[in-house]
Amino acid sequence: MTQVQQQSAPPSEAGLARDAVGLREVLFQSITAMAPGAAIAASIPSGAAFAGGALPLSVLLAMIACLLAANSIAELARHLPAAASVGAYASRGLHPTMGFLVGWMYVFVQALVPTLLLLQLGFTVAPTLHSEWSSYPADLWWPWVVVGALVIAAAGYRGIQTSAVLGTILGAFEIAVFVLLAAMFIIKAGGHNTLAVFGTKYTPDAHRGISGVIAGSVFTILAFAGFEAAAPLAEEARDPRSTIRKAVLGATLVIGAVYIFTTYAATVFFGPDKFAGFNADSSSSWVGLAKSSYGLFWVLVFFAVVNSTIANANAGLNVSTRTAYALARVGVLPRQLARLHPRFRSPVVAVAAQFVIAVGATLALGFAWDPMTAFLLVATGIVIVVVTVYIIANLSCIGFFARFRREEFSWLRHGLVPLLGIAAFVPALLTAAGIPAFSFVTKLTTPVSYAGPAVGVWLVVGVGVLAYLWTHHRERVVQIGTVFGSGGEEIGEPDGSGAGTWAGAGVGAGHEEAGGAEVSGAAGGGRAGGGGDSGDGEPAGDAVPAPPVAAADPEADSEGTGKEEDGSPS
């Protein structure tokens, strides 16, 4: 049914750094992408107005919902260890065109993740310094943006080992600070500790009962966004089929437990009956409670939040540059984005592009409105796309295992669980988009409401690019789901014939993608996926640089001899 086909490149032509990071670093890639410090201090309290003192139960439900999607992504990562990650999953599980659109949208929002966090860095540091030293201007936020962008760009330039170590150190620090403070809250709460916060007893009058808990969980789901960020490191991780799966599930479980513990601590310490008034700033916040209860301990909380923004921006840069690299090496993005540093094996052009986008977009949006408003605008656009990607990943899991892995298909793990995951994320998507399908959803106001149209414009542009590529360079679109850097595999038809086509894609039997070698310069020397290759290594037509390891097209003849052929989908 399946045929594994690999071709390793010579060392000088290797792709991303192989076996560069292990489970610990990959785990913290997902952990820091979730920005636990910032989420605990700012994101999760946004659900308190709806769930009140039952917010710990809301967080528990949100974790369960995210585990459903994490299961689907983990299952797909076990078979498709690709830097394209969610793009490859959608390409294989649904259709190559869907894979392109998912990759196109995902690289767009991940490129904005550093902007989001740098905005938060600016509006966190400047007012805090002003409150302590009045001589510091409260609106002098932009230098911190530049400093933060330089830090993550330097780590990204030095390669995945440097950026992964940075993420591990920063992630461990922010978790330690909030867990320690939470433990102090629980001890100080004494006899006020109660498990009743895991019921509906303390929901506010305006959102009484389970409806308030559900509303709170919709808002807290957003604090888990980023759990899939380990997936794009598949080509740089040791034993990626196992490591990525463990990291995605492990990060969701570990940070979910941290969220539940810290939310419980804040609830019982502040008072569950008045917790609906808890928020992200003022005295009724994590920083406020730390200041009033433990004096200078608030400084550690402040540093933990600042630390969280840098760590999350660093993780976002890793995701955006690896996704851009994966799309560029097959020719659907400019091939320069796949150029690698000869020593660090980092996608240096993509890192440079990310630095320019991060600084440019952050300063432009921050000065056009203000950092907080710009933050809400960017966050809304990111959440709309990311939640949609989670829904598509669940669908892809069903499609992939139903079509290509029938012998492994489980109605529970690959059927019911993904469907429940889709159902869990639909309310979150509607909430993020400001579509008032539920009583707790409010319409977005300007300029935050511009996020939806901005996402729509980028999608329309992507559809136009897809139409061109599908007409003129169809093999490039297909390769998003067939090109892997480690252990690529060819997946045939469910019946083993491999003779079908991608829903009229024109990918016929007997055609295999050539698994050539990728050079460190993205534009040169690789073998082409275009048809008519003469077989002497010189491509005919537009050359598509092939990676170190390439998998054949899913619909290629899986009963062939395994002999490599030059050719492409016709």
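The values are calculated or read from the model by the stated rules, or taken from the named source; none is laboratory data. The shown structure was predicted, so the numbers you read here are calculated from the model rather than taken from an experiment. Cβ atoms come from the backbone with ideal geometry, glycine included; neighbour counts cover every protein chain shown. Just the protein is used for accessible areas: all its heavy atoms, side chains included, with ligands, DNA and RNA removed. Shrake-Rupley method; radii C 1.70, N 1.55, O 1.52, S 1.80 Å.
Going 7 Å from the Cα of ASP370 in the Cα-to-Cβ direction, what parts of region 105-137 have a backbone nitrogen less than 15 Å from that spot?
Backbone N within reach: 120, 122-128, 130-131, 137.
Checking the a/c ratio against 1.5 first, then a/b against b/c, what shape does the Cα gyration tensor give for region 347-400?
Oblate, since a/c reaches 1.5 and b/c is not below a/b.
Would you mind pulling out the separation of the Cα centroids of region 402-431 and region 65-126, in Å?
Rounded to whole Å, the Cα centres lie 17 Å apart.
Hey, what do the phi angles of region 448-453 turn into as Karplus ³J(HN,Hα) couplings, whole Hz, using 6.51/-1.76/1.60 and θ = phi - 60°, x for Gly and Pro?
So the Karplus estimates, Gly and Pro as x, are 4, 5, 6, 4, x, x Hz.
Between ALA257 and SER282, what FRET efficiency follows from the Cβ-Cβ distance if R0 is 25 Å, with the result rounded to 0.05?
0.35
Using a Förster distance of 22 angstrom, determine the FRET efficiency expected from the C-beta separation of LYS274 and ASN193, and round it to 0.05.
Efficiency, rounded to the nearest 0.05: 0.85.
Sequence neighbours fewer than 8 away in the same chain don't count; with that in mind, list the lysines whose C-alpha is under 17 Å from LYS188.
Within the straight-line limit of under 17 Å, LYS188 reaches these lysines: LYS291.
Determine, at each q value in 0.12, 0.14 (inverse angstroms), the log₁₀ of I(q)/I(0) that the Debye formula gives when each Cα of region 233-387 is one equal point scatterer.
-0.79, -1.00
In square angstrom, rounded to the nearest 10, how much accessible surface does GLU407 have for a 1.4 Å probe?
Surface accessible to solvent at GLU407 totals approximately 120 Å².
If you roll a 1.4 angstrom probe over the protein chains with everything in place, what fraction of the accessible area of region 102-173 belongs to carbon and sulfur, to the nearest %?
Roughly 73 percent, rounded to a whole number.
As an exercise, use a Förster radius of 45 Å and the Cβ-Cβ distance of TRP411 and TYR136 to find the FRET efficiency, rounded to the nearest 0.05.
Efficiency computed from Cβ-Cβ geometry: 0.15.
Using θ = phi - 60° and the Karplus relation 6.51 cos²θ - 1.76 cosθ + 1.60, list the HN-Hα couplings for region 398-408 in order, rounded to whole Hz, with x at every Gly or Pro.
4, x, 5, 6, 6, 8, 10, 9, 4, 5, 9
Can you work out the Karplus-derived ³J(HN,Hα) for every residue in region 298-305? Use 6.51 cos²θ - 1.76 cosθ + 1.60 with θ = phi - 60°, whole Hz, and x for glycine or proline.
Per-residue couplings from phi come out as 4, 5, 5, 4, 4, 5, 5, 5 Hz.
Return the long-range amide H neighbours of VAL483 (sequence gap of 5 or more, or a different chain), with a cut-off of under 5 Å between placed amide H atoms.
Under 5 Å from the amide H of VAL483: ALA551.
Can you work out D for region 121-203 in µm² s⁻¹ from Stokes-Einstein, where Rh is the Kirkwood radius over C-alpha pairs, the temperature is 20 °C and the viscosity is 1.002 mPa s?
Value of D from the Cα-based Kirkwood radius: 129 µm²/s.
Quick one: check the C-alpha center-to-center distance for region 152-183 versus region 433-466, whole angstrom.
32 Å
Using only the alpha-carbon atoms, what does region 26-105 span along each of its principal axes? Please give whole angstrom values in decreasing order.
Dimensions of region 26-105 along the principal axes of its Cα atoms: 46, 23, 22 Å.
So how far, in whole Å, is the C-alpha centre of region 292-371 from the one of region 242-267?
Using only Cα atoms, the two centres lie 23 Å from each other.
Please compute the length gained on full extension between HIS341 and LYS201, using 0.36 nm multiplied by the number of residues separating them and subtracting their Cα-Cα distance.
44.6 nm
Taking all protein chains in place and a 1.4 Å probe, what share, in percent, of the accessible surface of region 187-267 do carbon and sulfur account for?
Carbon with sulfur: 64 percent of the solvent-accessible area.
At 1.002 mPa s and 20 °C, plugging the Kirkwood radius over alpha-carbon pairs of region 41-155 into Stokes-Einstein gives what diffusion coefficient in µm²/s?
Calculated translational D: 120 µm²/s.
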